[in-house]
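Trainee: If you scroll down you'll find the structure; I have some questions about it.
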Amino acid sequence: MIDTHFMSAIILALKTGLNRLDHSTEQTSQSSATLWVVATPIGNLGDLSPRAQAILAEVPVIAAEDTRVSQKLVPARSTAPHWFSLHEHNEATGINRLIQRLRDGDDVALVSDAGTPLISDPGYRLVCAAHDHGIRVSPVPGPSAAMAALSAAGLATDRFHFEGFLPAKSAARRTRLRALAQRSETLIFYAPARDLTAVLGDLTAEFGPQREAAIARELTKQFETIRRDTLADLKAFVESDGNQQRGETVVLSAGADRTSQAQTIEPMALAHELAQELPPARAARIIARLSGMDRREAFAQIERLRAS
Ligand code: SAM
């Protein structure tokens with residue numbers, strides 16, 4: 001026998017689905033509003049594009065991570081915009097109200113505190129919901145710390161992987177870095193500068209001290225630093241200058257096969273040298289750390305070398 005509650009649930013689900021379909025089709029044809037995804041400066045206010053200024057001067061609704069931060073970007077207007085605070089803690093619930101405004105025909109500008117929204121910043125759910133409701137979404141491109149750093153770092157730009165923030169705790173960070181160690185494209189990480197020494201330390205341990213890398217700190221601001229060097233030397237540089245541990249940083253690393261030949265240490269040559277100087281387990285640990293190779297595999301290779 002079929003449970004009547006079960007049947008009513010199915011009928012209700014079907015009805016809701018149909019209503020939703022009707023509604024969104026209707027909405028696609030009726031709502032002329034646009035969700036503008038507006039990039040804003042990452043430090044230098046002169047980087048706000050004229051088009052971004054024009055949109056922020058006109059839209060009836062501005063959704064911002066921190067409305068106080070974004071208010072200084074908006075020019076004087078005859079009618080104040082409706083400010084809407086959208087951050088990671090209220091994104092899920094806040095979306096409904098924003099979608100309703102868009103469905104009512106009001107354009108919405110989405111901004112984050114700095115740079116391009118959705119790039120390690122809130123907005124993904126809102127953009128998805130707008131698509132689901134057939135609402136036009138349009139970018140107003142501009143600054144993003146990742147692209148600004150990549151453009152000036154002096155590392156390969158033909159292929160890159162944007163990782164964003166690494167885990168805050170060293171053990172989890174090392175695990176994630178180990179998984180990335182053999183990637184051949186340039187890797188881009190976001191990091192607060194106060195974590196820079198620790199992040200460079202973990203990168204050195206997992207990618208090897210000679211891997212080419214770059215730091216791009218306080219981009220577009222007064223005390224901007226852009227420096228390319230090996231991981232070991234970058235770490236030493238940051239450790240020796242407290243100022244480098246302040247502000248915001250992008251860390252970039254060359255891909256696994258992109259460091260110049262002169263700086264590359266072939267893992268098996270290293271294994272051979274270490275196996276002569278250290279107990280096998282210790283040598284295996286060091287090789288695994290520097291090359292990203294599994295420790296047991298490194299141990300087996302050393303045993304084979306010793307036997308040969
Ligand atoms: N959505 C932003 C973008 O498009 O760049 C990124 C936001 S994320 C929450 C903030 C991180 O971006 C910082 O921790 C830092 O890694 C990086 N960042 C932002 N501004 C920067 C700047 N002026 N110089 C260097 N890195 C910056």
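The values are calculated or read from the model by the stated rules, or taken from the named source; none is laboratory data. Everything numeric in this text was worked out from a predicted model, so none of it was measured. Positions of Cβ are backbone-derived with ideal geometry, glycine not excepted, and every protein chain shown enters the neighbour counts. Side chains are part of the model used for accessible areas, which takes the heavy atoms of the whole protein and leaves out ligands, DNA and RNA. Shrake-Rupley method; radii C 1.70, N 1.55, O 1.52, S 1.80 Å.
Trainee: In whole Å, how far is the Cα centre of the stretch 125-156 from that of the stretch 172-226?
Mentor: 22 Å
Trainee: Nearest 10 degrees, 0 to 90: what angle lies between the long axis of helix 91-103 and the longest principal axis of the chain (Cα atoms)?
Mentor: For 91-103 against the chain, the angle is about 40 degrees.
Trainee: Here is a follow-up. In whole percent, what relative contact order does the stretch 32-98 give with Cα contacts below 8 Å and a gap of six or more residues?
Mentor: 27 percent
Trainee: Then there is this: Take every DSSP beta bridge with both residues inside the stretch 111-240 and express the antiparallel ones as a percent of the total, to the nearest 5.
Mentor: Here the share of antiparallel DSSP bridges comes out near 55 percent.
Trainee: For the chain, what does the alpha-carbon gyration tensor say about shape, rounded, prolate or oblate, given a ≥ b ≥ c as the root eigenvalues, a/c under 1.5 as rounded, and a/b over b/c as prolate?
Mentor: oblate
Trainee: Per residue, how much accessible area does the chain have with a 1.4 Å probe, in Å²?
Mentor: Roughly 54 Å² per residue, with all protein chains present.
Trainee: What percentage of the solvent-accessible surface of the chain, computed with a 1.4 Å probe over protein heavy atoms, is contributed by carbon and sulfur atoms?
Mentor: 53 percent
Trainee: Below 8 Å, C-alpha to C-alpha, sequence gap of six or more: please give me the relative contact order for the chain in percent.
Mentor: 16 percent
Trainee: So what's the angle, to the nearest 10 degrees on a 0 to 90 scale, between helix 267-277 and the longest Cα principal axis of the chain?
Mentor: Between the helix axis and the principal axis of the chain, the angle is about 40 degrees.
Trainee: Could you sort the peptides 75-85, 274-284, 178-188, 157-167 by per-residue average Cβ neighbour count (10 Å cutoff), highest mean leading?
Mentor: 178-188, 274-284, 157-167, 75-85
Trainee: Now for a separate question. Helix-derived [θ] at 222 nm for the chain: sum -39500 (n - 2.57) over DSSP H runs of at least 4, divide by residue count, nearest 500?
Mentor: That comes out to -14000 deg cm²/dmol.
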